[in-house]
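Taking it in order: structure first as structure tokens, then the write-up.
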Amino acid sequence: MDASTIDRPFGCPLDDPQQREPVTVMLAGEPQGKGRARAFRRGSHIGHYTPEKTRTYEGMIRTAAMEALGNKAPFEDPVEFVLRAVFPVPTSWSGKKRDRALTGELKPGKKPDLDNIAKAWNDALNGVVYRDDSLICRMTLDKRYGPQALVVVTVRPLP
């Protein structure tokens with residue numbers, strides 16, 4: 001092992017050209033936001049925990065991210081984080097209103113909040129796609145309607 005692979009995940013050299021390619025992670029299903037941490041009291045001890053629904057969702061994101069990443073190492077340099085949360089069009093809407101939603105004329109101004117969706121994804125991808133979320137220097141977030149519910153995140157290195 002040479003000096004360029006020391007302290008690098010998976011032994012990837014510093015100049016690995018694969019490291020410069022964007023990583024796209026996709027997860028089908030309704031976008032979910034990060035649940036608020038809960039506090040509990042047991043005697044004189046106060047503890048905190050993340051809700052089960054959030055832990056499960058973040059686990060699904062991590063699994064999808066590991067599959068998308070393959071044998072590439074996490075990003076070590078500043079990155080751009082692009083998230084698109086796609087919500088299904090309500091079945092009760094008329095055909096005309098549905099078309100407006102699918103063309104982007106109508107936006108899903110509903111819960112979950114876009115920043116909470118991004119937080120769940122940031123936390124789940126931390127340590128998997130990028131070494132630490134402090135490496136995110138640019139973020140683009142989008143919430144829209146589409147034919148099926150899903151979230152797509154692309155992480156790419158910044159020049």
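The values are calculated or read from the model by the stated rules, or taken from the named source; none is laboratory data. A quick note: this is a predicted structure, and the numbers were derived from the prediction, not measured. In this analysis, Cβ positions are derived from the backbone assuming ideal geometry, glycine residues included, and neighbour counts consider all displayed protein chains. These accessible areas exclude ligands, DNA and RNA; they are computed on the full protein's heavy atoms, side chains included. Shrake-Rupley method; radii C 1.70, N 1.55, O 1.52, S 1.80 Å.
Kindly identify the chain as rounded, prolate or oblate by the Cα gyration tensor criterion: order the square roots of the eigenvalues as a ≥ b ≥ c, call it rounded if a/c is under 1.5, otherwise compare a/b with b/c, prolate if a/b is larger, else oblate.
In terms of gyration-tensor shape, oblate.
Put +1 on the Cβ of every Lys and Arg and -1 on every Asp and Glu Cβ in the chain; which of TRP121, MET139, GLY33 then has its Cα farthest towards the positive end of the dipole?
Of the options given, the answer is GLY33.
Does the stretch 18-93 come out rounded, prolate or oblate, given a ≥ b ≥ c as the square roots of the eigenvalues of its C-alpha gyration tensor, rounded meaning a/c under 1.5 and, failing that, prolate meaning a/b above b/c? Walk me through the numbers before you get to the answer.
Details: a/c = 2.73, a/b = 1.31, b/c = 2.08.
Oblate, since a/c reaches 1.5 and b/c is not below a/b.
Under a 10 Å cutoff between Cα atoms, tell me which one of THR140, THR24, THR63 has the largest fluctuation in the Gaussian network model of the chain.
Result: THR140 has the largest fluctuation of those listed.
Counting alpha carbon pairs within less than 8 Å and at least 6 residues apart, what relative contact order, in whole percent, applies to the stretch 14-159?
Relative CO of the stretch 14-159 lands at 43 percent.
Which of the trypsin sites (Lys or Arg not before Pro) found in the stretch 62-159 are loop residues per DSSP with 12 or fewer other Cβ atoms within 10 Å of their Cβ?
The qualifying sites are LYS110.
Compute the helix-to-body angle for 114-125: its Cα long axis versus the longest principal axis of the chain, expressed 0 to 90° and rounded to tens.
So the inclination is approximately 30 degrees.
Placing +1 at every Lys and Arg Cβ and -1 at every Asp and Glu Cβ, with all other atoms neutral, what dipole size does the chain have around its Cα centre, in debye to the nearest 20?
Dipole of the chain, to the nearest 20 debye: 1200 debye.
State the three equivalent ellipsoid semi-axes of the stretch 96-159, derived from the C-alpha gyration tensor as the square roots of 5 times its eigenvalues, in descending order and whole Å.
Working: eigenvalues 158, 30, 20 Å².
Taking √(5λ) for each Cα gyration eigenvalue gives 28, 12, 10 Å.
At 1.4 Å probe size, with the rest of the protein present, what percent of the exposed accessible area of the chain is carbon and sulfur atoms?
52
Heavy-atom accessible area of MET139 with all protein chains present, probe 1.4 Å, nearest 10 Å²?
Only protein atoms counted, so the area is about 90 Å².
Kindly express, to the nearest 10 degrees and within the range 0 to 90, the angle between helix 52-69's C-alpha long axis and the longest C-alpha principal axis of the chain.
60
Counting only heavy atoms of protein chains, what accessible area per residue, in Å², does the chain have with a probe of 1.4 Å?
Averaged over the residues of the chain, the accessible area is 60 Å².
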